[in-house]
1. Find the residue count for the range A:93-118, including only residues that are among the polar types (S, T, N, Q) and under 17 Å from A:TYR270 (Cα atoms).
2. With respect to A:TYR258, is the statement that it is in contact with a Gly (Cβ under 9 Å, 6 or more places away or on another chain) and either open to solvent by 10 Å² or more (accessible area, probe 1.4 Å) or within 16 Å of RNA strand B (Cβ to nearest atom) (or both) true?
3. Looking at the range A:86-138, which of its residues are touching a Gly at 6+ places or on another chain (Cβ under 8 Å) and either small (Gly, Ala, Ser) or within 15 Å of A:GLU300 (Cα to Cα) (or both)?
4. Would you check if there is a residue in the range A:7-30 being away from RNA strand B (no atom under 12 Å from the Cβ), within 18 Å of A:GLY128 (Cα to Cα) and open to solvent by 50 Å² or more (accessible area, probe 1.4 Å)?
5. Suppose we filter A:ALA338, A:ALA389, A:ALA356 for residues that are buried (at least 22 other Cβ atoms within 10 Å of the Cβ), more than 10 Å from RNA strand B (Cβ to nearest atom) and either farther than 30 Å from A:GLU139 by Cβ or hydroxyl-bearing (Ser, Thr, Tyr) (or both); which single one remains?
6. Select from the range A:112-125 the residues that are surrounded by fewer than 21 Cβ atoms within 10 Å (Cβ to Cβ) and free of Cβ contacts under 8 Å to residues at least 60 places away in the same chain and list them in ascending order.
7. Scanning for something over 17 Å from the mean Cα position of the chain (by Cα) and touching a residue at least 60 places away in the same chain (Cβ under 8 Å), does the range A:26-44 turn up at least one residue?
8. If the requirement is being surrounded by 18 or more Cβ atoms within 10 Å (Cβ to Cβ) and within 8 Å of RNA strand B (Cβ to nearest atom), which of these qualifies: A:ARG318, A:ARG273?
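The values are calculated or read from the model by the stated rules, or taken from the named source; none is laboratory data. In this text, all values refer to a predicted model and were calculated from it rather than measured experimentally. Backbone-built Cβ (ideal geometry, glycine too); neighbour counts: all protein chains shown. Accessible surface is based on the protein model in full, side chains and every heavy atom, while ligands, DNA and RNA are left aside. Shrake-Rupley method; radii C 1.70, N 1.55, O 1.52, S 1.80 Å.
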Amino acid sequence: MRYVAPKGTHDILPAGNDRKDWADDIEKWHWLESVFQDLCARYGYEEVRTPTFEATELFKRAVGEGTDIVNKEMYSFVTKGGDDITLRPEGTAPTLRAYVQNRVWIERPVAKLYYVASIFRYERQQKGRYRQHHQVGVEALGAQGPDIDAEVISLAMAFFRALGIPRLTLKLNSVGTVESRVRYVAALREFAEPLLPKMSADNQRRFAENALRMLDSKEERDQELLVDAPLLTDYLDDDSRTHFDKLRGYLDAFGVSYEIDPRLVRGFDYYTRTAFEIQSPDVGSQSALAGGGRYDRLIEDLGGPATPGIGFGLGIERTLIALQTAQVDVPSVSGPAAFLCPLGASARDACVTLLAQLRDSGVSADMDYTGRKLKVMLEQADRIRARNAVILGDSELAEGIAQVRNMTTKEQTPVPLKELAQALLM
RNA sequence: GAGGUUGUAGCUCAGUCGGUUAGAGCGUCGGCUUGUGGCGCCGAAGGUCGCGGGUUCGAGACCCGUCAUCCUCCCCA
């Protein structure tokens, strides 16, 4: 094959019976996105669309210089004009940049925004992890109470529920304020330093780069060594603790179940207080379907007024894989109201005009352009899930009628051409 | 970025010890006499065996490289 989609990217195509990858059917994407859009409307979130690329500096500043995303996963390039540009590796920073630039807070003291966007990360791909993937996400800006945290989290859970995804775990943690986290990291490092020689190479690296990540090492020995490590929870400031407790109270009241995970650490530097992740066992080794948290300093860091915020990003590909694994039925899309089946050249001419008239009248319609036999045209009508086949031959033409065949009931009735649009709209 | 797996028709796969012209099912197309679908029967098309090199009288098979894929890490959605 001469040209193939670049590594870690994939095509999404019209639905087909033998599509190699279930998740690459456009029908499934339309369905998932419409469920998300409806839900956002119900919760009062409005869509934003931002550029696919931004100034590299924006992501360095927002995501953090110490993170893997910034250090090794960004698609960055210098333009002909000399600008340093990066394809967005996450959805929050561009949304907040747009919020600050356009002074959205003036008309919306609490701005509740959502997006659907492609995300780019230069990584070794595997199932559920791609170099270009897609996320839906929301950001609620300008509200600092735990009630909005509960709303954002329950929106994500409601989305998965609406899709019918089973076996989900909501992991919840509070990472406190920036100040309390600094105190905690110092304590953690103090605890871990003497144990360092016994720890894995990965954890020795983490100790230097991002000590928090030592906590979720997959090495059993690392975990044993850290059993008695200080807990982030014990270093929370009073306000953060109250915030967390109230959030838990709201989730309990909503009937949203969750697990407290004091070791949940997420990959961006900007999180404060609430951090959460929604996990599924059905996507291979990629368990996170969605992740998010609160970022009370970020808008200020990006040059805006001191404004609290919380949001999440949710992976579309991973969600589709989880749907496939769980064998969830995706509602099938209905085809056109009519598929015209002309028999003979003069009928074909008549159908071309008829088709245009039907469409002008608001009837979704298509026709056979191949001049094949009726049997084959009916098979085609069936394949595209047309609700009716409209059969037009010389005898019908002479009488000014068409045979309208209901593809489900197989009932066939003659209808005058003038009344056809009317009949098909019902 | 590290280690490993697998690449044969549009899809899922078979292909023996290295041996003639590479197969099946599904799908597609055509037919089973005039203009009636989902089933059935008959038939056809469709393959640079991922790509490049090597070994050999002979390679889909063995070796090397490369690309893609999936898996385990790293990390993340």
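1. 1
2. So A:TYR258 fails the test.
3. Hits for the range A:86-138 are A:GLY91, A:THR92, A:THR95, A:LEU96, A:TYR99, A:VAL100, A:TRP105, A:ALA111, A:ALA117, A:GLY128, A:GLY137.
4. Checking the range A:7-30: at least one residue is away from RNA strand B (no atom under 12 Å from the Cβ), within 18 Å of A:GLY128 (Cα to Cα) and open to solvent by 50 Å² or more (accessible area, probe 1.4 Å).
5. Sole residue among the options that is buried (at least 22 other Cβ atoms within 10 Å of the Cβ), more than 10 Å from RNA strand B (Cβ to nearest atom) and either farther than 30 Å from A:GLU139 by Cβ or hydroxyl-bearing (Ser, Thr, Tyr) (or both): A:ALA338.
6. Matches in the range A:112-125: A:TYR122, A:ARG124.
7. Yes, the range A:26-44 has at least one match.
8. A:ARG318
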